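Any read-out appearing in this document is the output of simple, stated calculations on the displayed coordinates, not a laboratory observation. Just so it is clear, the model here is predicted, and its values are computed rather than measured.
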């Protein structure tokens with residue numbers, strides 16, 4: 001079983017927490033292929049964007065936090081809500097900067113190459 005990590009440990013303040021983070025693109029992407037693209041087996045590359053916001057959301061959403069000051073426990077839900085609100089305000093700008101920097105450096109995170117070999121259209125079928 002995973003134990004909470006100690007975040008702060010002083011005489012006055014103690015904090016520990018545990019969270020699970022998921023790094024995934026927050027929005028699906030649509031790729032269009034023309035008949036010529038399919039015939040030529042052209043590759044389309046999709047790249048995940050907005051990863052910082054997705055990471056912050058999943059991390060803070062799953063966070064179990066224990067905070068105490070002078071031995072008195074503080075309401076962790078309120079702290080988590082404040083952190084989530086602060087991160088929600090900051091991450092769109094950070095995501096824009098991160099996405100542009102990675103693109104400039106030629107680094108792709110969460111990339112997939114997609115192509116189509118063929119398309120087959122059969123008779124129309126009524127499905128109930």
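Some points to look at:
- For the chain, built as a Gaussian network whose Cα springs stay under 10 Å, the top-fluctuating residue of 106, 93, 17: 106
- Full-extension gain in nm, residue 39 to residue 12, via 0.36 nm per residue minus C-alpha separation: 2.9 nm
- Global form of the range 5-114, assessed from the alpha-carbon gyration tensor, a/c cut-off 1.5: prolate
- Rounded if a/c under 1.5, otherwise prolate or oblate - the range 50-128, Cα gyration tensor axes: oblate
- Each Cα pair under 8 Å and six or more residues apart adds its separation to the average, and for the chain the resulting relative contact order is 32 percent.
- GNM result for the chain, Cα springs below 10 Å: residue of 102, 55, 32 fluctuating most strongly: 32
- Residue-averaged 222 nm ellipticity for the chain, from DSSP H runs of 4+ at -39500 (n - 2.57), nearest 500: -12000 deg cm²/dmol
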